[in-house]
Amino acid sequence: MTEPITVLVADDHPLFRKGLRALLHSMPGFEVVGEATDGAEAVRLAARLGPRLILLDLQMPGGDGLTAIRGLAALDPGPHILVVTMFADDDSVFAALRAGARGYVLKDTDDEEMIRAIHAVGRGEAIFSPAIATRIMAFFAGRPAEPFPGLTGSERSVLQLMARGLSNEAIAGRLGLSPKTVRNYVSNVFGKLHVVSRAEAIVRARDAGIG
């Protein structure tokens with residue numbers, strides 16, 4: 001008999017982890033060896049347990065998903081990473097792929113599509129849910145490549161200076177704005193990039209070539 005594909009599930013929502021675990025238990029040839037509730041824990045457990053496949057959410061406390069993907073991709077041997085998330089925006093998709101993910105599916109994907117994705121990434125293939133595949137094709141069909149299209153010009157300028165390491169006060173002085181206005185822009189950037197900290201925003205910006 002062939003060895004089962006070992007799996008680590010990383011998601012901060014207990015009910016979603018339970019659902020994925022139940023789905024995996026129904027799939028012959030797969031074995032859940034661990035669960036993580038944040039990105040940092042996912043990297044620690046992967047280094048200790050050596051799973052072949054990791055199902056990973058992008059937005060988790062205590063270490064964001066993108067940072068976790070980079071840490072997981074650096075392991076030897078590196079696990080195959082399937083992102084399972086709610087975020088379907090181009091920036092999240094391409095940042096995850098650049099970081100080392102092999103597949104990207106949405107949490108509302110039906111069981112049949114999820115099983116297909118798990119099998120594919122478990123074998124080392126690349127796969128995307130239909131909605132994500134459509135966005136990727138549209139991107140390469142000639143859509144503007146400017147990252148974070150939802151940002152205003154001012155928000156983009158603030159993000160660029162943040163990525164260069166400037167404080168809010170320094171950004172205010174550089175752009176001729178009040179510190180309060182800069183704080184408001186920073187808050188807007190966090191919301192649009194789906195991050196909760198300055199460090200996460202800087203990582204997203206640098207991944208996208210801003211800075």
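Remarks
- Most fluctuating residue given options H25, H119, H194, as computed from a GNM of the chain linking Cα atoms under 10 Å: H25
- Among M114, M27, M162, the largest mean-square fluctuation in a Gaussian network model of the chain (Cα springs under 10 Å) belongs to M27.
- Here the simple spin-label model places points 7 Å from the Cα toward Cβ, and for K107 and R70 these points are separated by 2.4 nm.
- Contour minus Cα-Cα distance for H13 and A170 (0.36 nm per residue): 52.7 nm
- Nearby lysines by direct alpha-carbon distance to K18 (threshold 25 angstrom, same-chain neighbours under 8 apart not counted): K107
- nm² value of the averaged projected area, convex hull over the Cα atoms of region 153-207: 3.2
- Comparing T85, T109, T134 in a Gaussian network model of the chain where C-alpha atoms under 10 Å apart are linked, the largest mean-square fluctuation is found at T134.
- Counting only aspartates and glutamates at least 8 places from K192 when in the same chain, those with an alpha carbon closer than 16 Å to its own are D64, D89, D90, D91, E146, E155, E200, D207.
- Shown is the FRET efficiency for Q160 and E125, computed with R0 = 35 Å from the Cβ-Cβ distance and rounded to the nearest 0.05: 0.45.
- R116-S187 FRET efficiency (beta carbon distance; Förster radius 30 Å; 0.05 resolution): 0.15
- A199/E3 FRET efficiency (R0 30 Å; Cβ-Cβ; nearest 0.05): 0.20
Read the figures in this text as sums done on the coordinates, not as results from a lab. Here the structure is a predicted model, which means the values were calculated and not measured. Cβ coordinates were reconstructed from backbone atoms using ideal geometry, including for glycine residues, and neighbour counts include every protein chain displayed.
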